[in-house]
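Here is the structure we will look at, set down as structure tokens.
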Amino acid sequence: MDKHSRIYLAGHRGLVGGAILRRLQQLGHTQILTRTHRELDLCSQVQVEQFFEQERPAYVILAAARVGGILANSTYPAQFLYDNLMIAANVIQASYRYGVTKLLNLGSSCIYPKLAPQPLKEEYLLTGPLEPTNRAYAVAKIAAIELCDHYRAQYGCDFISAMPTNLYGPGDNFDLQTSHVLPALLRKVLEAKQTGATTVTVWGSGNPRREFLYVDDLAAACLFLLEHFSGPGPVNVGTGEDLRIRELALTIQEVVGYKGSLVFDSTKPDGTPRKLLDVSRLQQSGWQAEIGLKEGIGRTLAWYLASAEVPGC
Ligand code: GFB
């Protein structure tokens, strides 16, 4: 990608889009096109078409999505399915119609079957039933991969798909009802320390295993893929290591410096038992994550303390 190429970054105010924007700016890109949700509704085919006709981006990074943690996904499945299908269909179709040179579509590791062998290889896609708590979101993300692959096959478009594992970092959602586990536990542990509470509540049994990737590592991987990868199918992006939710909570306690105990709320769902990506495809092409979990949690905590009006530890 030339430093002066016109790059449309969809979703620049989200966790992923924000990190990609920082990375593009650091690299000196001069023509990064962004629109807020208010300026451009990606669920509107007419608005998306007009935007592409006017702006003619050469590259598209599709990081816009309706996302959320396990509770948001299972509470609002219709919205997760509709919005993500519409966003993907409109942006991918407009990218084809207006001759985009390359498009990167971002998905999620929840596209793989709930009980697929671990670590999850790209070829396990569509080989078994999905995890019910995020089936709607996963179906939309699978549809987006299919769109990219079929536009590649039928029209010769260079559209690629990256599937990141569970992400976290600066810009994350810390709302306790809709967030993912890492920001939720970071906030709960911090607040328990500040208020002197003796316990922190962890949803579910604490036994599920998850893999966590710092979002700036994902941003680096996305730009690496745009430069070095062309082909159908998803490409997994992760660290290749996972841990139990209980262990994650203990790691967060250590970083925050909180000594209370954990209480497990069995009325909340566990979700899929394990979701570890096989990242050998990406590693073989020369990319590897750099930021370890403790360092990433520390950086996220620093961002959260500085950005929200949160009193220090
Ligand atoms: O991160 P999370 O919401 O999503 O939950 P998923 C991961 C695990 O952490 C589950 C447990 O077993 C939760 O029960 N957990 C423990 C908590 N305490 C908490 C808490 O306070 N908040 C939250 N949110 N979880 C999502 C999917 O699945 O992952 C999406 O719903 C997407 O589709 C995303 O793929 C990356 O990892 O289960």
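The values are calculated or read from the model by the stated rules, or taken from the named source; none is laboratory data. What you see is a predicted model; the values in this text were computed from it and never measured. Neighbour counts are summed over all protein chains in view; Cβ atoms, including those assigned to glycine, are modelled from backbone coordinates with ideal geometry. In case anyone asks, the SASA skips ligands and DNA or RNA and just uses the protein heavy atoms, side chains included. Shrake-Rupley method; radii C 1.70, N 1.55, O 1.52, S 1.80 Å.
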**Message:** Once neighbouring chains are kept in place and the probe is 1.4 Å, which whole percent of the accessible area of segment 52-203 is contributed by carbon and sulfur?
**Reply:** 53 percent
**Fill in**
Most packed first (mean Cβ within 10 Å per residue), the peptides 296-304, 21-29, 208-216 order as 208-216, 296-304, 21-29
**Prompt:** Mind checking the dipole of segment 119-275: about its Cα centre, +1 per Lys or Arg Cβ, -1 per Asp or Glu Cβ, Debye to the nearest 20?
**Reply:** 600 debye
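So for the chain, averaging the separation of alpha carbon pairs under 8 Å that are six or more residues apart and normalising by length, what relative contact order in percent results?
Relative contact order for the chain comes out at 19 percent.
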**Asked** Roughly how many debye, to the nearest 20, is the charge dipole of the chain about its Cα centre, given +1 on each Lys and Arg Cβ, -1 on each Asp and Glu Cβ, and no other charges?
**Response** 300 debye
**Prompt:** Is the chain best put as rounded, prolate or oblate by its Cα gyration tensor, with a ≥ b ≥ c the root eigenvalues, rounded for a/c under 1.5, and otherwise prolate when a/b is larger than b/c, oblate when not?
**Reply:** prolate
**Message:** So with the 1.4 Å probe, I'd like the accessible area per residue for segment 1-62, rounded to whole Å².
**Reply:** 52 Å²
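Considering only protein heavy atoms, what per residue accessible area in square angstrom results for segment 262-307 with a 1.4 angstrom probe?
54 Å²
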**Request:** Tally up the carbon and sulfur contribution to the accessible surface of segment 230-297 as a whole percent, 1.4 Å probe, everything protein left in place.
**Result:** 46 percent
**Fill in**
Computed about the Cα centre, the charge dipole of segment 1-135 from +1 Lys/Arg and -1 Asp/Glu charges at the Cβ has a magnitude in debye, to the nearest 20, of 300 debye
**Message:** If each DSSP helix of 4+ residues adds -39,500 (n - 2.57) and the sum is divided by the residues in the chain, what number results at 222 nm, nearest 500 deg cm²/dmol?
**Reply:** -13500 deg cm²/dmol
**Fill in**
When the charge dipole of segment 46-118 is computed with +1 at the Cβ of Lys and Arg and -1 at the Cβ of Asp and Glu, the Cα pointing farthest to the positive end, of Ser74, Gln47, Ala89, is that of Ser74
**Request:** Skip the ligands, DNA and RNA, and give the accessible area per residue of segment 100-227 with a 1.4 Å probe, whole Å².
**Result:** 35 Å²
**Complete:** The helix 135-155 Cα axis meets the longest alpha-carbon principal axis of the chain at an angle in degrees, between 0 and 90 and rounded to 10, of 20 degrees
**Message:** Rounded, prolate or oblate for segment 209-313? Axes are the square roots of the Cα gyration tensor eigenvalues, ordered a ≥ b ≥ c, and the cut-off for rounded is a/c under 1.5.
**Reply:** oblate
**Cα-Cα over 18 Å, subset of Lys3/Lys102; Lys193/Lys268; Lys188/Lys275** = Lys193/Lys268; Lys188/Lys275
**Prompt:** Using the alpha-carbon atoms, what tilt in degrees (0 to 90, nearest 10) does helix 293-307 show relative to the longest principal axis of the chain?
**Reply:** 90 degrees
**Asked** For segment 1-102, what class follows from the C-alpha gyration tensor (a ≥ b ≥ c being the square roots of its eigenvalues): rounded when a/c is under 1.5, otherwise prolate if a/b is larger than b/c, else oblate?
**Response** oblate
